[in-house]
Amino acid sequence: MGRTLQNTMINLGLQNACDEAVYQLGLDMEELEEIEEDAGLGNGGLGRLAACFLDSMATLGLAAYGYGIRYEYGIFNQKIRDGWQVEEADDWLRHGNPWEKARPEYMLPVHFYGRVEHSATGAKWVDTQVVLALPYDTPVPGYMNNTVNTMRLWSARAPNDFNLRDFNVGDYIQAVLDRNLAENISRVLYPNDNFFEGKELRLKQEYFVVAATLQDIIRRFKASKFGSTDSVRTVFDSFPDQVAIQLNDTHPAMAIPELMRIFVDIEKLPWNKAWDITKRTFAYTNHTVLPEALERWPVDLVEKLLPRHLQIIYEINQRHLDHIASLFPNDVDRLRRMSLIEEGGTKRINMAHLCIVGSHAVNGVAKIHSEIVKTQVFEDFAALEPEKFQNKTNGITPRRWLLLCNPGLAELIAEKIGEDYVRDLSQLTKLHEFVDDDLFIREVAKVKQENKVKFALYLEKEYKVKINPSSMFDVHVKRIHEYKRQLMNCLHIITMYNRIRRDPAKVFVPRTVIIGGKAAPGYHMAKMIIKLINAVAHVVNNDPVVGSKLKVIFLENYRVSLAEKVIPATDLSEQISTAGTEASGTGNMKFMLNGALTIGTMDGANVEMAEEAGEENLFIFGMRVEDVTELDREGYNAQKYYDQLPELKRAVDQIKSGFFSPKDPDLFKDVVDMLFHHDRFKVFADYEAYVKCQEKVSELYLNSKAWTKMVIRNIAAAGKFSSDRTIKEYARDIWHVEPSDLKIPPPNEPRDAVEDKTPNGTAA
């Protein structure tokens, strides 16, 4: 979620008033804002997307809730010591959190372990351990519409008798200390992005948030039906019309068997009716096609922790397979491929299959990604129910990612096209009229330069490196992962360095290369990549021959509040994943909206950005998905590229020989070994195209006017990538609700003073 203060002032239209009031008190609002801790309750794009969606849902007047876990420790703080990543706990609640309100009156029990008793009246889950879920509510204000929604985060608490009732003569002190075991559930965020780790505590977290949330939803649903004369069997008929639940990846997949358990075991609905309601309630968003990221929980673990849910999953699977078998008799291989249970070795539950079977809609998060989901990853399911599969291209909120972080640019745009674009970003197309306006071109360039100077000062203060503010700011910020190919960027840095060294007198377009991002603590290769970037930076930044032509900075502890500083100052945005691996990307959209040009592969939302702006207004290079597939077919041979490309060979040899690690020449042996022998993401295959494309970037940068015109064309084409557009599509195509631009009257205004602007003239 990042910080809340400035965002709240902007959405309430209070920023100027607050700035002025604080100034009158002799304080500086910017200094106060810097004191607030980021709420870092997720890992990367998936969690940040949810935050943008909450802002859009409130702004569009949707009665929507965001549910999650109130982690005591969020994503770790990253320190760089001697070039290595070191993790520190993110004790973000140390000084309290003024934005949250605990709601103990809505505390709910969540059950674990135990066993199942079957009788004539049905199944009963008994002898369970209970953990209490205590909700904390954070307000989510819409933009200038007097609407405030709620984000409800659950914190785990031990019941008062936890472990004590078993101790009639036992160890009272130990029994009280053991309460920690229950409360550990909401202690810490697992820091893996795009990687599945099958730990029991993680499964507990996933079920904890799901069980508490469903009870909350059902309580609210029943309250709305208060006094209903319907029988229990018919009261839930309208459930899918009143409630839509969007599964943000498979992490909350246990919601499907949990809702079935509530309907069948507790509310005593017949299975078929319960299943119909469940399917119509849930929809599933897939966020990745990387096989190592897909959740596959061991059956033994689920059986121990959630025995009743395993039985329900088996029943769902049996009925699902019976249906497949009736359509494709004797196709045993298809049954194996489509089963929710994967046999062979450890039996596992494929959570994506559970989500697909238990939902009425399945979507990817960019056109190309949704196509891969349909035609490759879940091909059998899409063949069976093609109408279920959709695309919903991601978006970002223009409130945080333009108004808040880049007020200079936001104001400049408002002067040209009015302020309405903030709620309707498609209006940015009006900027096309000003592409040839010399004054506007100069003003856009000036705002960028001011942002760069400000960020350069920040870097000099934090990193003690003198930055040339007229150099090109070439920025690559995102989680560190092999598929995102920070290594390719690193090879380009080394190549630029070698070119300067070889011919110091030659004209070189100066660059400041900024790379930032966290590596999962257990991801060895990602941590080696960080060390390599820092080792290269050390050599480059201390070489007098290079001077101010090239500087390399690894940004420590990349997070939302730092993104808000670096993105507005960026000239070149690096989006260079191997085609077919980045589901969407949303950083790419933030850079586009803030006047950076993109160098990227045809992957994720880059494809649609090129479509919107025209491919000639992005720096697109490298293999397409078809090329990658073809290369896989014939076999990728890294050695071939190494032998053919002298500059690549030189750079790799320098890494290998210890040029960047003279005290430990073998330090990067693992990295080099990976690049030659098991590089799934084919860095060498795209190296030549990348370097050539970077030369075109430098050439254009020399022509400030032509560069800025391309920037304006990009900003003018960024309208599609508002999360408001994304949410409107979810609302209409999946949740079947209409957004409303009705502005609720403030308490001090009579009701009829506010114009009714809903499409059909009725309040939503």
- Query: When all C-alpha to C-alpha distances in the stretch 227-330 are sorted into bins of 5 Å, what percent of pairs does each bin hold, rounded to whole numbers?
  - Reply: 2, 10, 17, 20, 20, 17, 9, 3, 1, 0, 0
- Item | For L247, residues with placed amide H under 5 Å, excluding near neighbours | A283, Y284, T285
- the stretch 262-316: C-alpha pair distances exceeding 16 Å, %: 59 percent
- Message: Kirkwood hydrodynamic radius, computed over distinct alpha-carbon pairs, for the stretch 231-275: how many Å, to one decimal?
- Response: 11.4 Å
- Task: Compute the length gained on full extension between A89 and K506: take 0.36 nm times their separation in residues and subtract their Cα-Cα distance, giving the result in nm to one decimal.
- Result: 145.4 nm
- Message: A 22 angstrom limit on the alpha carbon distance is what I want to check against. Which of K222/K268; K416/K709; K478/K527; K454/K692; K478/K696; K452/K590 exceed it?
- Response: K454/K692; K478/K696
- Rounded to two decimals, the Debye log10 I(q)/I(0) of the stretch 147-211 (Cα scatterers, no solvent) at q = 0.17, 0.24, 0.28 Å⁻¹ is -0.75, -1.04, -1.19
- Message: Give me the extension gain from R319 to R633: residue separation times 0.36 nm, minus the current Cα-Cα distance, reported in nm with one decimal.
- Response: 109.4 nm
- Query: Using the beta-carbon distance between L327 and D733 and R0 = 22 Å, what value does 1/(1 + (r/R0)^6) give for FRET efficiency, to the nearest 0.05?
  - Reply: 0.25
- Note on the structure: Note on the stretch 213-392: the mean projected area of its alpha-carbon convex hull, in nm², is 10.8 nm²
- Query: Any idea how far the Cα center of the stretch 84-134 sits from the one of the stretch 235-249, in Å?
  - Reply: 22 Å
- Rounded to 5, percent antiparallel among DSSP beta bridges of the stretch 213-392: 35 percent
- Using only Cα atoms, what is the ratio of the radius of gyration of the stretch 98-157 to 2.2 N^0.38 Å? 1.71
- Task: Could you list V447, V357 in order of exposure, starting from the residue whose Cβ has the fewest other Cβ atoms within 10 Å?
- Result: V447, V357
- Taking the Cα-to-Cβ direction at K222 and at E611 and moving 7 Å from each Cα, how far apart do the two end points lie in nm? 4.6 nm
- Beyond 39 Å, what share of the Cα-Cα pairs of the chain remains, rounded to the nearest whole percent? 40 percent
- Percent antiparallel among DSSP beta bridges confined to the chain, rounded to 5, stands at 50 percent
- Message: As a quick test, which of the pairs K367/K743; K388/K518; K204/K347; K273/K728; K518/K720 have an alpha carbon distance above 27 angstrom in this structure?
- Response: K367/K743; K388/K518; K273/K728; K518/K720
- Task: Step through the residues of the stretch 509-514 one at a time and calculate ³J(HN,Hα) from phi using the Karplus curve (6.51 cos²θ - 1.76 cosθ + 1.60, θ = phi - 60°), rounding each to whole Hz and writing x for Gly and Pro.
- Result: 6, x, 9, 10, 8, 10
- What translational diffusion coefficient, in µm²/s and rounded to a whole number, does the Stokes-Einstein relation yield for the stretch 501-630 at 25 °C and a viscosity of 0.890 mPa s, taking the hydrodynamic radius as the Kirkwood radius over Cα pairs? 147 µm²/s
- Task: Subtract the Cα-Cα distance of D670 and K101 from 0.36 nm times their separation in residues, and report this length gain in nm to one decimal.
- Result: 200.0 nm
- Could you sort 11-22, 340-351 so that the peptide with the highest average Cβ count within 10 Å comes first and the rest follow in order? 340-351, 11-22
- Rg ratio (alpha-carbon, reference 2.2 N^0.38 Å) - the stretch 317-418: 1.67
- Query: At 10 °C and 1.306 mPa s, what whole-number value in µm²/s does Stokes-Einstein give for the translational diffusion of the stretch 33-91, with Rh from the Kirkwood sum over Cα pairs?
  - Reply: 116 µm²/s
- Item | Zone of V435's modelled label, taken as backbone nitrogen in the stretch 696-713 under 18 Å from a point 7 Å along Cα→Cβ | 700-701, 703-713
- Item | Cβ-placed point charges (K, R +1; D, E -1), dipole of the stretch 470-703 about Cα centre in debye, nearest 20 | 980 debye
- Of the listed peptides 707-713, 34-40, what is their order by residue-averaged count of other C-beta atoms within 10 Å, with the highest listed first? 707-713, 34-40
- Under Stokes-Einstein, the stretch 593-736 at 20 °C and 1.002 mPa s, with its Kirkwood radius over C-alpha pairs, diffuses with a coefficient in µm²/s of 118 µm²/s
- Message: Compute the distance from the alpha-carbon center of the stretch 687-732 to that of the stretch 3-53, in whole Å.
- Response: 27 Å
- Per-residue ellipticity at 222 nm attributable to helices in the chain (runs of n ≥ 4 DSSP H, -39500 (n - 2.57) apiece, nearest 500 deg cm²/dmol) works out to -13000 deg cm²/dmol
- Item | Label-point gap, in nm, between Y172 and N703 - each point 7 angstrom along Cα→Cβ | 8.4 nm
- Query: At q = 0.11 Å⁻¹, what log₁₀ I(q)/I(0) does a Debye calculation on the Cα points of the stretch 470-703 give, no solvent, two decimals?
  - Reply: -0.53
- Based only on Cα atoms, what Rg/Rh ratio does the stretch 410-517 have, Rh being taken as Kirkwood's radius? 1.07
- Over the stretch 2-158, how many percent of alpha carbon pairs lie in each 10 Å bin up to the one with the longest distance? 9, 27, 31, 20, 9, 3, 1, 0
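Here, each number is a calculation from the coordinates, and none is a lab measurement. From a predicted model like this one, the values you see are computed outputs, not experimental measurements. Counting neighbours? That spans all protein chains shown, and the Cβs are built from the backbone with ideal geometry, glycine included.
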